[in-house]
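> Pasting in a structure now, in structure tokens, and then I'll have a few things to ask.
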Amino acid sequence: MESASGRFPQHTSEVSKAGRAANIYYAAESLRLPQDKPLVVPTLILMMQPNTRLKDIARMESDEEILATSDVMRQLRPHISADEYLRTVRRMIESDGYRLAAAVEDGKVRAVAGYRFMEMLYCGRILYIDDLITDQATRSQGHGKRLLTWLEDEARSRGCAELHLDSGVQREHAHRFYFREGLTVTAFHFRTKL
């Protein structure tokens, strides 16, 4: 049954209960009374979906957590060997304030971001994303979007005015994702080998 406005207002959110996730849908139905006055009756419909998996964003700080990101990160950065990964990330954490966060589903890393905070004369305090990759086996399932949203919230909570990232010109699929998420191209990045 449609409401007086012609549509149902809906809101969805994920809820974890006893190790299972559920989607909750709120809908309001309008009924016509004899006096032709609508009565709005809110209804709560709980739909258990056993195939829905538990999802979370986590800071990856311990050696074990950092190593858990290696396989996904090395899809983007294959030049870093598995043997060197932990040592490289630890050095970047200590020298440059590098941080890792990951979208985790059922205990498995599905997307990972390497980022840092910095301040620049032209734009103020920013969160800069060095690395952002979703596991190629689980792309287009919302992991990258959840992680990017988390990074935006993290930037705001740390007083950043902007979020920045560079993306290789060959990464066309990633560029479509960034445009879809509201990022814009504002500069060229130049480099030279020394």
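None of the figures in this text is laboratory data; all of them are computed from the coordinates on show. Since the model is a prediction, treat every value here as computed from it, not as a measurement. Cβ coordinates were reconstructed from backbone atoms using ideal geometry, including for glycine residues, and neighbour counts include every protein chain displayed.
> Which peptide among 62-69, 132-139 comes first, and what is the full order, when sorted by highest mean count of other Cβ atoms within 10 Å?
The peptides rank, most packed first, as 132-139, 62-69.
> Obtain the nm distance between the two label points defined at PHE117 and GLU65 by a simple spin-label model: each point lies 7 Å from its Cα along the Cα-to-C-beta direction.
Placing both labels 7 Å along Cα→Cβ, they lie 1.6 nm apart.
> Tally Lys/Arg at +1 and Asp/Glu at -1 over every other residue whose Cβ is under 14 Å from the Cβ of TYR128; what's the total?
Around TYR128, the charge tally is -4.
> Could you list GLU162, GLU154 so that the one with the fewest beta carbons within 10 Å of its beta carbon is first and the one with the most is last?
GLU162, GLU154
> What nm distance separates the two modelled labels at ARG156 and GLU94, each placed 7 Å from Cα along Cα→Cβ?
3.6
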